[in-house]
Amino acid sequence: AATITVVPVRVAATSTRRRKGVVIRDLEEELTTIIPADTKSKDKGKWIMVEEPKPLKKKQQVEMDEEYARKLHAELNKDIDWDVAIDRVKQKAKEDPAVQRYQAMKKRRQTEAQAQKNMILYLKNVVGFRLDYFKGMSYDDIRPIFEAKFNSNVYFLLKTKEQMEEEESRALQSINETRTQKAVKRRRLNEEVE
C-alpha cells in the first residue's frame, strides 16, 4: 500500500516595489516558494497491521452504555447525603428575596375591591354567572350570593360516602318508578296542596 505524505508548502513574500537609495533586504521577506521533491517510500509493507475493533452491534452497544451509566450514577450518588442536600435547597428557597416578597404579599389582607373582584370571578367561572349581572352591584350585594354558592360547593365536596349512596339510591328509585306510581304521587301532592 502506498502512503501519501503531506508536505507543507512555503510561500515567499517578495517585494515588487522598487526602492530608491540604500536597499537593505531582509531574507525572510524575500523567500521563494520551495517545494521539496517527493521521495519514494522505502516501505515494503512488512509492518504489523493492527486491526481496528469491529463496531459492536446496536443492542450490545446500548447494553454497555446502560451499564456504564448505572456505574457512573452509583459513583456520583454514593458521596451525596440527600437529606442534607434537600435541607440546603429549602434553606436557599427561604432566603430568596423573591420568595420572601411573595410570602409577605400573601400575608397582606385583601382590599374590599380585590375581594369583590375575586368573588365575581369565582361566580363567573364556577357557577356560570355573566359579568353583566354584577354591574352596579356593591360588595355587600355580591357577598351573600357568593357565600351561598360557595357553601353549597363546599357541602358537596365534604359529603360522606353514606350521603352519596343515599342520594344515588333515591335517584335510582325515581328512575325505576312506573307510570302508575308517578301518577299516584302526583295525586297525593295535589291533594296536599288543596
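Here each label is just a point 7 Å from Cα along the line to Cβ, and for VAL62 and ASN176 those points are 5.5 nm apart. Cβ-to-Cβ counts within 10 Å put GLU162, GLU112 in ascending order as GLU162, GLU112, the fewest first. Using Cβ point charges alone (K and R +1, D and E -1), the dipole size of the stretch 111-158 about the Cα centre works out to roughly 180 debye. Ordering GLY136, LEU157, GLN116 by the projection of their Cα atoms onto the charge dipole of the stretch 111-158, which places +1 on the Cβ of Lys and Arg and -1 on the Cβ of Asp and Glu, puts LEU157 at the extreme positive end.
Shape summary: the stretch 111-158 maps onto an equivalent ellipsoid whose semi-axes, from the alpha-carbon gyration tensor, are 19, 12, 9 Å in decreasing order.
Simple spin-label estimate for LYS135 and GLU75 gives 7.2 nm between the two label positions (7 Å along the Cα-to-Cβ direction from each Cα).
Can you sort ILE142, ILE86 so the residue with the fewest Cβ neighbours within 10 Å comes first?
ILE86, ILE142
Computed from the C-beta positions of VAL127 and LEU158 and an R0 of 25 Å, the FRET efficiency is 0.90 to the nearest 0.05. The HN-Hα couplings worked out from phi for the stretch 174-180 by the Karplus form 6.51 cos²θ - 1.76 cosθ + 1.60 (θ = phi - 60°) are 5, 6, 7, 5, 7, 5, 5 Hz, whole numbers, x standing for Gly and Pro.
Read-outs throughout are calculated quantities, based only on the coordinates presented, and are distinct from any laboratory measurement. Quantities reported herein were computed from a predicted structural model and do not represent experimental measurements. Cβ sites come from the backbone with ideal geometry, for glycine too, and all protein chains shown count toward neighbours.
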